[in-house]
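The values are calculated or read from the model by the stated rules, or taken from the named source; none is laboratory data. As the structure is a computational prediction, the values presented were derived from the model and not from experiment. When we count neighbours, we look across all protein chains shown, and the Cβ atoms used for this are built from the backbone with ideal geometry, even at glycine.
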Amino acid sequence: MSNASNDGHFEALWPRSPRWLTKKTLAPRLDTLEGKNIAFLWDYMFRGDEVFTLMEEGLKQRFPRVKFVSWKEFGNTHSKNEREVLASLPQRLKEFGIDGVISGMAC
């Protein structure tokens, strides 16, 4: 320990780190799903295959002209190949003409 007097004053550091990322504006929401191409993305956990099937059936009742591209087309979004799957995602979404994405993940 130091014997120097500090008169009750101590240096302190701000506990938060500086921000490294800037906020980006979110894409606008779709006004409707009617006539849109929607992609399902999934991390292959917690029964997404069943959930997406039910979701597709329900949404087609409300929006008869909506089209879906299966999660099978995109690969597992949480696996040993996650980095490659996510890196290829923008191009894959373009190839399928995707208007919106429904992403399912489990905890």
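I want to confirm something. Restricting to the range 76-87 and keeping residues that are surrounded by 14 or more Cβ atoms within 10 Å (Cβ to Cβ) and touching a residue at least 12 places away in the same chain (Cβ under 8 Å), which single residue is farthest from Thr32 (Cα to Cα)? Of everything passing the filter in the range 76-87, His78 is farthest from Thr32 (Cα to Cα). Here the condition is being in contact with a Lys or Arg (Cβ under 7 Å, 6 or more places away or on another chain), on the phi < 0 side of the Ramachandran plot and surrounded by fewer than 12 Cβ atoms within 10 Å (Cβ to Cβ); of Leu30, Leu21, it holds for Leu30 alone. Residues of the range 52-70 include none that is part of a loop (DSSP other than H, G, I, E, B) and within 15 Å of the chain's Cα centre (by Cα).
Can Asp43 be described as surrounded by 10 or more Cβ atoms within 10 Å (Cβ to Cβ) and modelled with pLDDT under 85? Spelling it out, it is not the case that Asp43 is surrounded by 10 or more Cβ atoms within 10 Å (Cβ to Cβ) and modelled with pLDDT under 85.
Each row is one residue, and each column tells you yes or no for (1) out of contact with any Gly (no Cβ under 8 Å at 6 or more places or on another chain); (2) touching a residue at least 40 places away in the same chain (Cβ under 8 Å); (3) of a type in the set (D, E, K, R); (4) farther than 21 Å from Lys94 by Cβ.
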site: Ala12; (1), (2), (3), (4): yes, no, no, yes
site: Leu21; (1), (2), (3), (4): yes, no, no, yes
site: Lys24; (1), (2), (3), (4): yes, no, yes, no
site: Pro28; (1), (2), (3), (4): yes, no, no, no
site: Glu50; (1), (2), (3), (4): yes, no, yes, yes
site: Leu59; (1), (2), (3), (4): yes, no, no, yes
site: Pro64; (1), (2), (3), (4): yes, no, no, yes
